[in-house]
Amino acid sequence: MDYRSSIESSETLRNKCAACYRQFNKMEHLVEHMKISYHSGHEPTCGVCKKHCRSFESLREHLIGPLPKQECKNIFSLRGCRFCMMILESPNARRTHQERCQFSSANAGLTTRMAALGLRDKAMIDYTSSRSPKVVALSCKMVGGGSDGSLDLCARVCITDESDNVVFHTYVKPSMIVTNYRYGTTGIRPENLRDAMPLKHAQRKIQEFLCNGEPMWKIRPRGGRGRILVGHGLDHDLDRLQLEYPSSMMRDTAKYPPLMKTSKLSNSLKDLTQAYLGYDIHVGIQDPYEDCVATMRLYTRMRYQKHKTEAYPQAADAQNRSNQVAWRQNEVERMSPDEMLSISRSDYYCWCLDSLA
């Protein structure tokens, strides 16, 4: 290698992103990359080479995809948990950990028999319990309305707490005529809705429960009485229930960046449950209780991840100017890639912050 090539090689190495390891010909190109990438300690990170990935999907590609990084793949195959993507100290530690990390189906055994007997129906919510949950999961099942049965109408709703206990469960009588009960997936028959709770009644009960005695305008993520709402496709469920709830209080597994395929495409709840919890759902008739349990387990798995604690963890925080266009180019260009990463912040709210509330 001649002298000029050696200089160019060292310059490229100096312009290597400390998070995703992309290399740039010029420092100003690396600075522009850092401005828009929003790298942070909240991104899924390879436990072997410490590379940051935009999602767990891309981390899986890095470790076990068609063209993985071979060194990382070899170590992960021996010591990596395929559910939480953690690297353990030894193969024995991995086996022990993975047995605990894998969940069993929510509807196995006794739970299924209870559901068949109707013992899980709970059309009243206990507001007076001293152990009233701060975080709850909600799921709806839809029947079809309209001339072709394609219009989604909420016909069954379930709410559970963090311990998989049912807080509220009822069939809901839609305000429109049902033209397709979608029995093959919903298991709902006309007799289930004949004397069901009217939609307006269910809507009022759920809204009062979520707000927990606070007016909507006063609800806030920390220090308030309103409950954190977990689900998959929550906007659609709340729309069908004709409910409003602050987005800051919702944790949607269909929109959480680390769980998405790309920035515009989400994974299905079935795929997420199989990949990160280790069991199958939506086999035959779909139960909203099963969906509630799966989304809550995904939420708690993400919430208890250990990430670097920062005073202002998001780029959007008013006090945090690190990811704004106001970066002073000449100052940043004198920084090392590691120093640039240290001032970069995430552009999404990481659920690990809920564990600090």
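The values are calculated or read from the model by the stated rules, or taken from the named source; none is laboratory data. Here the structure is a predicted model, which means the values were calculated and not measured. So basically every Cβ, Gly included, is an ideal-geometry build from the backbone, and we count neighbours across all protein chains shown. All accessible areas refer to the heavy atoms of the entire protein, side chains included, with ligands and DNA or RNA removed. Shrake-Rupley method; radii C 1.70, N 1.55, O 1.52, S 1.80 Å.
How about the range 13-51: which of its residues are within 19 Å of Lys264 (Cα to Cα), outside any loop (DSSP other than H, G, I, E, B) and open to solvent by 50 Å² or more (accessible area, probe 1.4 Å)?
Ile36, the sole residue that qualifies.
Can Lys308 be described as farther than 21 Å from Ser344 by Cβ and open to solvent by 80 Å² or more (accessible area, probe 1.4 Å)? Walk me through how you get there before you give the answer.
Numbers: farther than 21 Å from Ser344 by Cβ: no; open to solvent by 80 Å² or more (accessible area, probe 1.4 Å): yes.
No; evaluated as a whole, the condition is false for this residue.
Checking the structure you have, find out if any residue of the range 299-308 is touching a residue at least 60 places away in the same chain (Cβ under 8 Å), touching a strand residue (DSSP E or B) at 6+ places or on another chain (Cβ under 6 Å) and in a helix (DSSP H, G or I).
The answer is yes; a qualifying residue exists.
Can you tell me which residue is surrounded by the fewest Cβ atoms within 10 Å (Cβ to Cβ) among those in the range 189-212 that are more than 27 Å from the chain's Cα centre (by Cα) and part of a loop (DSSP other than H, G, I, E, B)?
Step one: filter the range 189-212 for residues more than 27 Å from the chain's Cα centre (by Cα), giving 189-201.
Still in the list and also part of a loop (DSSP other than H, G, I, E, B): 189, 195-196.
Working: Arg189: 10, Asp195: 8, Ala196: 19.
The qualifying residue surrounded by the fewest Cβ atoms within 10 Å (Cβ to Cβ) is Asp195.
Which residues, counting only those in the range 52-91, are of a type in the set (Ser, Thr, Tyr) and assigned to a loop (DSSP other than H, G, I, E, B)? Spell out the reasoning first.
Filtering the range 52-91 down to residues of a type in the set (Ser, Thr, Tyr) leaves 55, 58, 77, 90.
Scanning the range 52-91 gives Ser55, Ser90.
Hey, can you tell me all the residues within the range 222-264 that are in contact with a Ser or Thr (Cβ under 6 Å, 6 or more places away or on another chain), buried (at least 22 other Cβ atoms within 10 Å of the Cβ) and not aliphatic (A, V, I, L, M)?
Passing the criteria: Gly231, His232, Thr253.
Test Gly149 against the criterion of being outside any loop (DSSP other than H, G, I, E, B) and modelled with pLDDT of 85 or more, and give yes or no.
Values: outside any loop (DSSP other than H, G, I, E, B): no; modelled with pLDDT of 85 or more: yes.
No.
Take the residues in the range 148-160 that are charged (D, E, K, R) and in contact with a helix residue (DSSP H, G or I) (Cβ under 8 Å, 6 or more places away or on another chain); name whichever of them is farthest from Arg189 (Cα to Cα). Full working, then the answer.
Start the filter on the range 148-160 by keeping residues that are charged (D, E, K, R), which leaves 148, 152, 156.
From what's left, in contact with a helix residue (DSSP H, G or I) (Cβ under 8 Å, 6 or more places away or on another chain): 152, 156.
Values: Asp152: 16, Arg156: 11 Å.
That would be Asp152.
Residue by residue, here is whether (1) modelled with pLDDT under 95; (2) surrounded by fewer than 19 Cβ atoms within 10 Å (Cβ to Cβ); (3) at positive phi holds:
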{"position": "Cys53", "(1), (2), (3)": "no, no, no"}
{"position": "Pro66", "(1), (2), (3)": "yes, yes, no"}
{"position": "Asn74", "(1), (2), (3)": "no, yes, no"}
{"position": "Ile87", "(1), (2), (3)": "no, yes, no"}
{"position": "Ser90", "(1), (2), (3)": "no, yes, no"}
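Let's see how each residue does on (1) open to solvent by 30 Å² or more (accessible area, probe 1.4 Å); (2) at pLDDT 95 or above; (3) not in a helix (DSSP H, G or I); (4) not small (Gly, Ala, Ser):
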| position | (1), (2), (3), (4) |
| --- | --- |
| Ala93 | no, yes, no, no |
| Ser104 | yes, no, yes, no |
| Tyr127 | yes, no, yes, yes |
| Arg131 | yes, no, yes, yes |
| Ala137 | no, yes, yes, no |
| Cys140 | no, yes, yes, yes |
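Need pairs with beta-carbon distance below 6 Å; first residue over 20 Å from Cys53 (Cα atoms) and within the range 247-261, second modelled with pLDDT under 95 and open to solvent by 20 Å² or more (accessible area, probe 1.4 Å); sequence gap 6+ or separate chains.
Short answer, once both residue conditions are applied: Ser248/Pro221.
Please find, within the range 268-298, the residue that is nearest to Lys134 (Cα to Cα) out of those that are part of a loop (DSSP other than H, G, I, E, B) and open to solvent by less than 10 Å² (accessible area, probe 1.4 Å).
Leu277
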